[in-house]
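Every number in this text was worked out from the coordinates using simple rules, so none of it is lab data. Owing to the predicted nature of the structure, the values given are computational and were not obtained by experimental measurement. With ideal geometry, Cβ positions are generated from the backbone for all residues, glycine too; neighbour counts draw on all protein chains shown.
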Amino acid sequence: MTRREAILSKVAEVVAIPSFAPKAAVLLNDPDSDLVQLARIIEYDPGLTANLLKIVNASFFSGRNPLLTARDAIDRLGSAQMLRFVVSTGVAPTFVCKVEGYDLAPNMHLQHSVTVALAARELGAVLGLDAPDHVFTAGLLSGVGKILLGAYVEVDVRPILDLVDRGMAFDRAEDEVLGVNHAEVGALLLEKWKLPQPLVNVVRHHLRPEEAPEPDLVLDLVHIGNVLAKMIGVGLGLDGLNYEPSREAAQRLKLTPEILDEVSANVVVDLRAVWDLFLECAGEASPL
Amino acid sequence: MGLLVVSISDMKFSRRREDVIVTYSLGSCIGVTAYDPGTRMGGLVHCLLPTAFNSRHRAEDKPFMFVNTGVARMVRALVEHGADRDRLIFKAAGGANMRGDSLFNTGLRNHEALCKLMEVNRVSLSGEDVGGTIPRTMFLHLDTGRVVVRSLGKEKEL
């Protein structure tokens with residue numbers, strides 16, 4: 001069995017992505033917690049969002065119009081009791097202490113995922129684009145493959161970093177060493193879970209949008225959102241800034257350094273509003 | 001030891017010898033320390049961007065977000081609290097860029113803005129660890145003025 005096959009067979013067994021928000025367990029067990037509290041914590045947690053979309057699309061609202069965002073899923077469930085029932089019974093959250101291999105504390109991965117989501121959404125707003133609502137969810141989920149590789153495969157990152165030191169981008173080094181990169185791993189799981197294809201496509205191609213079968217606005221926004229999150233520096237792991245920005249995506253969006261500067265400034269301000277969520281996650285706070 | 005944490009677009013200073021000022025999350029952002037060995041007073045600013053983009057309002061609202069206003073404000077705060085401007089020792093870390101990025105170069109632009117500011121004010125950096133593609137954490141020890149940069153588990157003193 002190749003390394004790739006071994007990793008994919010392990011990932012195929014995953015029934016729920018771990019959450020980084022212990023507060024969710026408290027709220028899920030509290031009959032008095034309200035929908036707003038629960039919804040907010042689920043909307044900003046990649047694991048809980050993916051798990052919720054999986055269950056809701058498979059069990060409740062399957063059909064021609066799958067739900068693409070946690071907000072839509074929550075709105076359709078309608079009540080805190082229903083949301084608690086779905087999340088607790090279908091995807092009982094487990095929590096990870098550290099994303100092994102990538103040297104990421106849970107709060108760091110959470111902060112990074114939220115920053116990608118906020119940056120992708122903010123970029124669309126600054127550019128005056130009428131971007132679909134799922135740009136936030138797609139950004140939030142874009143890095144789930146890293147959680148999977150860290151939590152279930154426990155990747156040894158040293159040979160990957162050796163290639164990075166010799167000038168290779170991190171995802172291409174993952175391909176070389178593991179036979180698969182974390183973007184593809186995330187997409188394969190979400191595809192297996194039958195999450196809507198627009199989300200799966202973004203997760204799969206978010207590091208190299210030029211390899212997507214056709215241009216996709218949400219994909220371009222999430223790709224640049226990921227670049228911005230890394231430049232801002234929130235929640236960086238061993239992979240650091242070792243990814244290549246796509247010239248094609250930048251040209252399609254007509255980006256300039258001034259536009260990116262404006263988006264970065266807005267995102268840093270936006271992050272303050274969700275700071276309390278980050279503080280609730282993990283024992284230690286990794287300050288912004 | 002008191003640990004003072006500097007967020008993105010933030011600055012902290014102290015004259016307590018037992019304090020250490022730290023900033024995490026330096027990607028393309030640039031961290032700048034200024035230390036007066038006479039009073040043992042020092043500060044650390046974490047700047048996101050080189051200059052305020054056509055927005056005087058934003059520079060006034062968040063002066064530490066930008067290199068040109070943030071470093072100047074830090075120096076002013078130190079001098080107002082008793083530091084000697086001519087004794088200040090400046091060091092910098094951060095300013096990383098995405099791999100192969102020839103489009104945005106935020107880290108490079110931050111470093112250039114800092115060098116220009118230093119030149120205009122006829123001061124120089126006594127140490128720096130900038131550029132590349134690595135994240136950095138920067139510490140300023142108030143007892144000695146020692147500046148340490150940690151990245152990927154390794155530490156170096158500037």
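Would you calculate the separation in nanometres between label points at B:Met118 and A:Arg76, each defined as 7 Å from the Cα along the Cα-to-beta-carbon direction?
Result for the modelled spin labels: 5.7 nm.
Please give the charge dipole size of the protein assembly as shown, origin at the Cα centre, charges +1 on K and R Cβ atoms and -1 on D and E Cβ atoms. Round to the nearest 20 debye.
Result for the protein assembly as shown is approximately 620 debye, rounded to the nearest 20.
Give me the percent relative contact order of region A:106-276, please, defined on Cα pairs under 8 angstrom at least 6 residues apart.
This gives 33 percent for region A:106-276.
Between region B:1-72 and region B:96-158, what is the separation of their alpha carbon centroids in Å?
12 Å
In percent, how large is the relative contact order of chain B, given Cα pairs closer than 8 Å and 6 or more residues apart?
With pairs under 8 Å counted, the relative contact order is 28 percent.
Expected output is a single nm value to one decimal: the length gained when fully extending between A:Asp162 and A:Leu127, i.e. 0.36 nm times separation in residues minus the C-alpha distance. What is it?
Here the segment from A:Asp162 to A:Leu127 would lengthen by 8.8 nm.
Above 29 Å lies some portion of the pair distances; for chain B, what is it as a whole percent of all C-alpha pairs?
Considering chain B, 11 percent of its Cα-Cα pairs are separated by more than 29 Å.
Which of these, B:Asp19, B:Asp129, B:Asp101, has the largest mean-square fluctuation under a Gaussian network model of chain B (Cα springs below 10 Å)?
Of the options given, B:Asp101 has the highest mean-square fluctuation.
If eta is 1.306 mPa s and T is 10 °C, what Stokes-Einstein diffusion coefficient results for the protein assembly as shown, Kirkwood Rh from Cα pairs, in µm²/s?
The calculation lands on 71 µm²/s.
Grab the other residues whose beta carbon is less than 15 angstrom from that of B:Gly2, score K and R as +1, D and E as -1, and report the net.
+2
If you take every residue apart from B:Glu155 with its C-beta less than 12 Å away from the C-beta of B:Glu155, what net charge results, scoring Lys and Arg +1 and Asp and Glu -1?
Overall, the nearby charge balance is +3.
For region A:153-271, divide the Cα radius of gyration by the Kirkwood radius and give the resulting Rg/Rh value with two decimals.
Using only Cα positions, Rg/Rh for region A:153-271 is 0.97.
List the residues, sorted by chain then number, that are 5 or more residues from B:Ile89 or on another chain and whose placed amide H is less than 5 Å from its amide H.
B:Tyr35, B:Asp36
Pick from B:Val67, B:Val120, B:Val147: which residue has the top mean-square fluctuation in a GNM of chain B where Cα pairs under 10 Å get a spring?
B:Val120
If you line up the Cα atoms of region A:130-200 on their principal axes, what length do they span on each, largest first, in Å?
40, 28, 16
How large is the dipole of region B:1-106 about the Cα centre if only Lys and Arg carry +1 and Asp and Glu carry -1, each at its Cβ, rounded to the nearest 20 debye?
The dipole of region B:1-106 has a size of about 60 debye.
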